[in-house]
Ligand code: HEM
Ligand code: SF4
Ligand code: SF4
């Protein structure tokens, strides 16, 4: 009777050792090789990353006495402000070339949340001239914030362009 | 004399491409059989190996969890020093943890591939297939999250890449990536999220695995011991030869360059940067959608009739309940017998139509004198009475002095190819559907010898048919072949589809043995 458990010969045992070794090799090799280079050598990375709440889309207005009288007592605020925020226009020039222009819409159903921008620019390391322009107010033409600066990036360095709400300035760090 | 019921074959006929790939897989599996023995062949135990890796991950993970400082500032140091200062325990466990995760992934994908090649996405297995799919997600997310916990540059790269990928979906009010733009931004709160992901997913995985093997009785949740030991030894050797070490500590001011990269678990990030975040999302959605759709695509192989219980012939012995590979039989109280007696009941949704229950039922004995053989649990497409009738007729018309009867299985080596003047061959739904008393019956009815054939050990299409048959014929499982059956007149051959050559060789040997033995010679 052939019982499904044939006696394994010496070759079979050697084969087992070989196949186990191959499996370990497969795991051992591809769990850390080949080396992955996310950025080519001599490159740096600029990250443009904003999450900023724009200006309201229109002026607050003062309500007259008659207008207030028509409202229920709990809603009689003398000054009414719109909730909707302005989209934010962002531009980036690197070394005099416009590389990015984007209009970020405010988040939230009532469009009253922050507008966000995130973009990566791999770039050759070294000195670069950056111009960042932001308009966070729909009612104004041109730009509300501009920052122009020279930066020197070492290889693999990340430069983050952000907006600091406390000082209302564009930051490079 | 070939005796195969055309109705008996309800196998799913694979497409051309899959057919070719299946043949290639079978060749590989048979090569491995020669090396490991079919019962310990890793390719036949991929699900069980997945479980083994899971246990290993759980044990090594508990140790690592006790050692890690789960804060953004302390994590790197705690793990790095584990590898350096306690290489002989903490370091080894850390390496095992990573390599087991890699191995888990390989065996999981191989398991999926094998099940697909064998057409196991359909029919009664649809449930197993569909419950397997979420496991892919849980395992991947947990594995990727594990890299973040080291908070070395590899973990940093993976976390940022994941955030950039997630941000493609409009789900976060403020981009998730903003958590990683400044050193101070990686708060302990975010780190708690990492821990939550890496520990929460395995909990979902346990739950999902429980579901996955719900409909499988005696699921192989641990591989045969030699295979388990061999696999563990291989991983341990790897952990000692090439311990996993942390890369430099995370630093959000720089892009990690030249990473020693885990392509088995983290391939998704380079892919994201090579195509695009949106592209990878599409690819993922497409793959998952396809996997989910496969069981519902039109294809050959309809639903086969399921086992039917005959209350008058069931004495409630529970053998079918014990032997059913898919937990399709339950025992209820018998409506017509006296109090306390039980009756088998088949859940048609779970039934695989394998007939193993018929092979288990004591009422399936062909020696019963009834004109029509009815048994406790029978297959409408291959009733036991039809098998007895065909066996009788075949032996009655065969002129050979020493005829041989062959019982085989629709999924194993084709026994019908053996049929000649002195051989009557019967192909069953599964060899487990053969009531052992048929062996004795054939011998008493004039056969000089009986050959029983089914798939190789570990290769049964219905998981347990080969094992139960082997045990029943060896007398270690009920119902068994009587001890009075002369062993030289019974041979078992475990041969897969494609092994017909082996079958012929065994048959020739059996013929020779019969001629030179004391087997009776019929004078017809
Ligand atoms: C986390 C990874 C997985 C593990 C640990 C695992 C484990 C198992 C185990 C132990 C069995 C029972 C095998 C037996 O006792 O005969 C099984 C069966 C099965 N698995 Fe998985 N599985 C995993 C993932 C998957 C995936 C991703 C799929 C496909 C989408 C899948 C499809 C199947 C099918 C179709 C069966 C039924 C086989 C049969 O009925 O003979 N599994 N799995
Ligand atoms: S045919 Fe197979 S799956 Fe169905 S009840 Fe019988 S043993 Fe169980
Ligand atoms: S094996 Fe037969 S007699 Fe026993 S419980 Fe099942 S159907 Fe009834």
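The values are calculated or read from the model by the stated rules, or taken from the named source; none is laboratory data. Note that the coordinates shown come from a computational prediction; the quantities given were computed from them, not determined experimentally. As a convention, Cβ positions derive from the backbone with ideal geometry for all residues, glycine included, and neighbour counts pool all protein chains shown.
Just one of the numbered conditions (1) under 26 Å from residue B:273 (Cα atoms); (2) within 14 Å of chain B (Cβ to nearest Cβ) is not true of residue A:109; which one?
(1)
Tell me whether region B:277-295 contains one or more residues that are in a loop (DSSP other than H, G, I, E, B) and either touching a helix residue (DSSP H, G or I) at 6+ places or on another chain (Cβ under 6 Å) or loosely packed, with under 14 Cβ neighbours inside 10 Å (or both).
No, there is no match, as no residue in region B:277-295 is in a loop (DSSP other than H, G, I, E, B) and either touching a helix residue (DSSP H, G or I) at 6+ places or on another chain (Cβ under 6 Å) or loosely packed, with under 14 Cβ neighbours inside 10 Å (or both).
Matching residues to (1) part of a helix (DSSP H, G or I); (2) within 20 Å of residue B:406 (Cβ to Cβ); (3) touching a residue at least 12 places away in the same chain (Cβ under 8 Å):
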residue: B:316; (1), (2), (3): no, no, yes
residue: B:321; (1), (2), (3): yes, no, yes
residue: B:327; (1), (2), (3): no, no, yes
residue: B:344; (1), (2), (3): no, no, yes
residue: B:368; (1), (2), (3): no, no, no
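Looking only at region B:243-260, which residues are facing another protein chain (nearest Cβ under 7 Å), surrounded by fewer than 17 Cβ atoms within 10 Å (Cβ to Cβ) and in contact with a helix residue (DSSP H, G or I) (Cβ under 8 Å, 6 or more places away or on another chain)?
Residues satisfying the conditions are B:253, B:260.
When region B:14-43 is examined, which residues are found to be crowded, with 17+ Cβ neighbours inside 10 Å, within 14 Å of chain A (Cβ to nearest Cβ) and assigned to a helix (DSSP H, G or I)?
If the condition is that a residue be crowded, with 17+ Cβ neighbours inside 10 Å, within 14 Å of chain A (Cβ to nearest Cβ) and assigned to a helix (DSSP H, G or I), then B:29, B:30, B:32, B:33, B:35, B:36, B:38, B:39, B:40, B:42, B:43 are the ones that fit.
Does region B:99-120 contain any residue that is assigned by TED's automatic domain parsing to the domain that holds residue B:255, free of Cβ contacts under 8 Å to residues at least 60 places away in the same chain, within 16 Å of ligand 2 (Cβ to nearest atom) and within 24 Å of the chain's Cα centre (by Cα)?
Yes, because at least one residue in region B:99-120 is assigned by TED's automatic domain parsing to the domain that holds residue B:255, free of Cβ contacts under 8 Å to residues at least 60 places away in the same chain, within 16 Å of ligand 2 (Cβ to nearest atom) and within 24 Å of the chain's Cα centre (by Cα).
Right, residue B:482: on the phi < 0 side of the Ramachandran plot and either crowded, with 24+ Cβ neighbours inside 10 Å or not in a loop (DSSP other than H, G, I, E, B) (or both) or not?
In short, no.
If I filter region B:315-338 down to residues being within 12 Å of ligand 3 (Cβ to nearest atom) and crowded, with 20+ Cβ neighbours inside 10 Å, which single residue comes out as nearest to the other protein chains (Cβ to nearest Cβ)?
That would be B:323.
Considering only strands (runs of 3 or more DSSP E) fully contained in region A:87-142, which possess at least 2 residues that are buried (at least 19 other Cβ atoms within 10 Å of the Cβ)?
Here the list reads A:88-94, A:115-124, A:126-135.
Take the residues in region A:6-36 that are part of a loop (DSSP other than H, G, I, E, B) and more than 8 Å from chain B (Cβ to nearest Cβ); name whichever of them is surrounded by the fewest Cβ atoms within 10 Å (Cβ to Cβ).
Checking each candidate, the answer is A:7.
Scan region B:348-364 residue by residue and report those that are within 6 Å of ligand 2 (Cβ to nearest atom) and under 18 Å from the mean Cα position of the chain (by Cα).
Once the filter is applied, which keeps residues that are within 6 Å of ligand 2 (Cβ to nearest atom) and under 18 Å from the mean Cα position of the chain (by Cα), region B:348-364 yields B:351, B:352, B:353, B:354, B:356.
Yes/no per residue for (1) part of a helix (DSSP H, G or I); (2) more than 21 Å from residue B:448 (Cα to Cα); (3) within 16 Å of ligand 2 (Cβ to nearest atom); (4) out of contact with any helix residue (DSSP H, G or I) (no Cβ under 9 Å at 6 or more places or on another chain):
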residue	(1), (2), (3), (4)
B:372	no, yes, no, no
B:381	no, yes, yes, no
B:388	yes, no, no, no
B:401	no, no, no, yes
B:406	no, no, no, no
